[in-house]
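I have placed the structure first, in the form of structure tokens, so that the comments after it can refer back to it.
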Amino acid sequence: MAPHKKKIEAYLDCVSPYSFLAFSYLSQRRQALEDLNVEIEFIPVFLGGIMASSGNKPPMALAAKSAYSPYDIKRAQKYFGLRFKVPDFFPFLSLLPQRCLTLVKEAYTEQYDALHKACFQALWLDHKDLSKQENMLAVLETVFGTEQATKILKDSQGPDVKKKLNDVTKHTAETLGAYGCPWFWVHDGKGKAEPFFGSDRFHYMWDFLDLPHQDLELVPAPALGKL
Ligand SMILES: N[C@@H](CCC(=O)N[C@@H](CS)C(=O)NCC(=O)O)C(=O)O
């Protein structure tokens with residue numbers, strides 16, 4: 001990557017509702033950001049691995065964070081105009097969707113954003129447990145033909161894909177300082193890069209990138225169709 005290009009690397013896991021909000025928010029602003037010469041890259045990671053590498057624990061594992069969490073998620077949903085309930089099967093093991101996304105990002109780049117969106121929507125809006133192969137296959141089939149979807153599901157279990165997701169996750173925690181998701185590594189276009197955590201720090205990011213806030217403000221209740 002050219003060091004003097006403004007760029008947002010967004011490290012996401014679809015098990016994370018705040019990753020869903022960040023993905024939705026950035027996807028809706030992709031064109032506006034590109035017009036301001038800012039590139040966005042969505043990068044799949046395994047949040048469980050980030051927690052383990054950084055010594056962090058899921059918010060639910062700490063009583064105080066767990067008690068605060070319902071307030072935070074309710075406010076965030078209102079702010080982003082994206083309403084969803086936490087599914088009964090939460091938290092679930094996100095390795096399967098994250099491996100499929102890892103494979104598709106490399107091998108089927110054109111369809112990657114569509115699959116990312118489909119995974120988030122299946123999990124958070126349709127409450128499909130994507131740790132189950134049959135549900136993951138159904139999501140893949142919304143983007144690919146049955147034959148290709150079946151192959152992607154099978155290939156996502158191969159050692160190369162497992163290693164790639166593992167390596168990216170490790171890099172995110174050990175080099176980029178991640179302790180949760182969504183994690184962002186943002187290049188300011190002048191050779192400097194900094195981390196940002198959470199879907200609630202975009203105003204800091206726009207300052208860091210020297211962008212006009214008014215062009216990137218939230219519009220009320222963004223329609224999902226525009227994701
Ligand atoms: N305030 C942040 C919260 C993000 C968040 O809680 N992310 C969870 C995963 S869904 C996490 O990784 N938490 C780690 C931590 O809070 O230490 C936001 O609005 O995005």
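The values are calculated or read from the model by the stated rules, or taken from the named source; none is laboratory data. Not measured: the values here are computed from a predicted model. Heads up, the Cβs are rebuilt from the backbone with ideal geometry, glycines too, and the neighbour counts pull from every protein chain shown. These area figures cover heavy atoms from the full protein model, side chains too; ligands, DNA and RNA do not enter into them. Shrake-Rupley method; radii C 1.70, N 1.55, O 1.52, S 1.80 Å.
So, in region 57-72, of the ones that are under 20 Å from the mean Cα position of the chain (by Cα), assigned to a helix (DSSP H, G or I) and surrounded by 13 or more Cβ atoms within 10 Å (Cβ to Cβ), which residue ends up modelled with the lowest pLDDT?
Among residues in region 57-72 that are under 20 Å from the mean Cα position of the chain (by Cα), assigned to a helix (DSSP H, G or I) and surrounded by 13 or more Cβ atoms within 10 Å (Cβ to Cβ), the one modelled with the lowest pLDDT is Pro59.
I'd like to check something: does region 4-17 contain any residue that is outside any loop (DSSP other than H, G, I, E, B) and farther than 24 Å from Lys117 by Cβ? Working first, answer last.
We begin by selecting, within region 4-17, every residue outside any loop (DSSP other than H, G, I, E, B); these are 6-12, 17.
Right, trim to farther than 24 Å from Lys117 by Cβ and you get none.
No, the conditions are met nowhere in region 4-17.
So, in region 99-108, how many residues would count as being of a type in the set (Ser, Thr, Tyr) and either free of Cβ contacts under 8 Å to residues at least 24 places away in the same chain or closer than 17 Å to Pro159 by Cα (or both)?
1
Please verify whether Ala22 is part of a helix (DSSP H, G or I), within 11 Å of the ligand (Cβ to nearest atom) and at pLDDT 95 or above, treating the condition exactly as stated.
Yes; evaluated as a whole, the condition is true for this residue.
Could you run through region 183-214 and say how many residues are over 15 Å from the mean Cα position of the chain (by Cα), among the aromatic types (Phe, Trp, Tyr) and open to solvent by 40 Å² or more (accessible area, probe 1.4 Å)?
Of the residues in region 183-214, 1 are over 15 Å from the mean Cα position of the chain (by Cα), among the aromatic types (Phe, Trp, Tyr) and open to solvent by 40 Å² or more (accessible area, probe 1.4 Å).
When both residues are 6+ apart or on different chains and their Cβ atoms are under 8 Å apart, which pairs have a first residue that lies in region 65-76 and is free of Cβ contacts under 8 Å to residues at least 12 places away in the same chain, and a second that is open to solvent by 100 Å² or more (accessible area, probe 1.4 Å)?
Cβ pairs passing all conditions: Ser66/Met60; Ser69/Met60.
Need pairs with beta-carbon distance below 8 Å; first residue more than 27 Å from Val168 (Cα to Cα) and within region 83-98, second in a loop (DSSP other than H, G, I, E, B); sequence gap 6+ or separate chains.
Phe84/Leu125; Lys85/His127; Pro87/His127; Pro87/Asp129; Asp88/His127
Which ones in region 1-30 are open to solvent by 10 Å² or more (accessible area, probe 1.4 Å), within 29 Å of His127 (Cα to Cα) and out of contact with any strand residue (DSSP E or B) (no Cβ under 7 Å at 6 or more places or on another chain)?
Val15, Pro17, Tyr18, Tyr25, Ser27, Gln28, Arg29
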